[in-house]
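Report on one structure; see the data block that follows.
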Amino acid sequence: MTRRRTAQASTVSRAPADLAGLKIRPRIGVAQWVSIALAVYLGLATLQFIAFNNNWKWDVVFSYLFSQIIMNGLLNTIYLTLLTTFFGLILGVITAWARMSPLLVLRTIAILYIWLMRAMPPLVMLLFVFFFGALAPTLGIGIPFGPTFASVPANEVISRFSAAIIGLSIYLGAYSAEIFRGGILALPSGQFEACKSLGLPPFRAYQKILGPQLIRVIIPSLANDVITIFKSTSLVSVIGYTELLTTVQTIYARNFETIPLLVVAVIWYLVLTSIAMFGQSRLEKRFGRGFARRNPSSPKPAALENAGKENL
């Protein structure tokens, strides 16, 4: 009793500013203990299923994880992802500009393109591009219903690799265009008016003032789409391009080690996705300077600080 009274007296004697700086600790209730017990149970069950299950054949997994043929497939996946992202984002910027253009023709073309890509699955898009030669045997430049100035056979231009790049870039371009447009719409209109009042040309305004704010807004959505495209590269296996998943399928078709080789593919997809998410985190920190970050785990004691200042 004496100790409790001493603690209460110590608390009362503290200044309001000291009380405002105290760390808030949530009370551990029954639900908290139940969730901890459930987490322990799931952890043990997962450990038993993964580490003590011989059907995973971890020796086979590690024998193929860094093999040369897997590395070649992994490099093709990375190469395909980088090129698709590059061309897809350029197409997305052009489409977003056309979508917000005051010209009705450009807006209509952009809307039709986005509408068509939203309705078409990426697998269908890849097959359509790969078999485009059946629809147009030659690709040329000329006047409609008139002479053709230059033409090349479609099969010489559309290979497995180019079909994969074109199909996935067209798919990413439509979705990234809406992300860019959403980022521009999220900027306060006062920013655009301030740039105009300063006499900045549009390119200079986006480079120095609007661009950094736009990038900060679109990074989470854009990174999500890029990671999705990175995993969608596995779809090119239907047109015979040899990337990571195609390589794995080729191997287990010969030795019938299906699960271990699929585990190899999953491990490398996890590694590449983790690298992409780390890059996203760094970009968010780089372009988020000067902006308040929302972190539910560490609530800012602004109300307590204000209360302390008022009491002082």
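What the table shows:
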{"item": "Scope the range 38-73; condition part of a loop (DSSP other than H, G, I, E, B) and of a type outside the set (S, T, N, Q); matching residues", "result": "PHE52, LYS57, PHE66"}
{"item": "Matching entry among THR81, THR108 (being within 27 Å of ILE179 (Cα to Cα), in contact with a helix residue (DSSP H, G or I) (Cβ under 7 Å, 6 or more places away or on another chain) and among the hydroxyl-bearing types (Ser, Thr, Tyr))", "result": "THR81"}
{"item": "Residues being in a helix (DSSP H, G or I), within 19 Å of GLN68 (Cα to Cα) and open to solvent by less than 70 Å² (accessible area, probe 1.4 Å) - total across the range 254-289", "result": "13"}
{"item": "Residues located in the range 36-66, provided they are under 28 Å from the mean Cα position of the chain (by Cα), surrounded by fewer than 14 Cβ atoms within 10 Å (Cβ to Cβ) and within 30 Å of PHE161 (Cα to Cα)", "result": "PHE66"}
{"item": "One residue from ILE229, ILE179, ILE219 being at pLDDT below 85 and hydrophobic (A, V, I, L, M, F, W, C)", "result": "ILE229"}
{"item": "Long-range neighbours under 7 Å by Cβ, at least six apart or interchain, first residue farther than 19 Å from PHE287 by Cα within the range 190-208, second open to solvent by less than 90 Å² (accessible area, probe 1.4 Å) and not in a helix (DSSP H, G or I)", "result": "none"}
{"item": "Qualifying residue in the range 129-148 (condition: in contact (Cβ under 8 Å) with a residue 40 or more places away in the chain, on the phi < 0 side of the Ramachandran plot and either surrounded by fewer than 17 Cβ atoms within 10 Å (Cβ to Cβ) or not in a helix (DSSP H, G or I) (or both))", "result": "no"}
{"item": "Residue within the range 229-240 that is open to solvent by 80 Å² or more (accessible area, probe 1.4 Å) and within 18 Å of the chain's Cα centre (by Cα) present", "result": "yes"}
{"item": "Some residue of the range 98-106 being among the charged types (D, E, K, R), surrounded by 14 or more Cβ atoms within 10 Å (Cβ to Cβ) and in a helix (DSSP H, G or I)", "result": "yes"}
{"item": "Hey, ASN76 in a helix (DSSP H, G or I) and open to solvent by 70 Å² or more (accessible area, probe 1.4 Å) or not", "result": "no"}
{"item": "Cβ pairs under 7 Å, 6+ apart, first in the range 171-184 and under 13 Å from SER232 (Cβ atoms), second crowded, with 23+ Cβ neighbours inside 10 Å and at pLDDT 90 or above", "result": "LEU172/THR84; LEU172/GLY88; LEU172/GLY92"}
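The values are calculated or read from the model by the stated rules, or taken from the named source; none is laboratory data. Values in this document were obtained by computation on a predicted structure and should not be read as measured data. Note that each Cβ is placed from the backbone with ideal geometry, even for glycine, and that neighbours are counted across all protein chains shown. Accessible surface areas use protein heavy atoms only, side chains included; no ligands, DNA or RNA. Shrake-Rupley method; radii C 1.70, N 1.55, O 1.52, S 1.80 Å.
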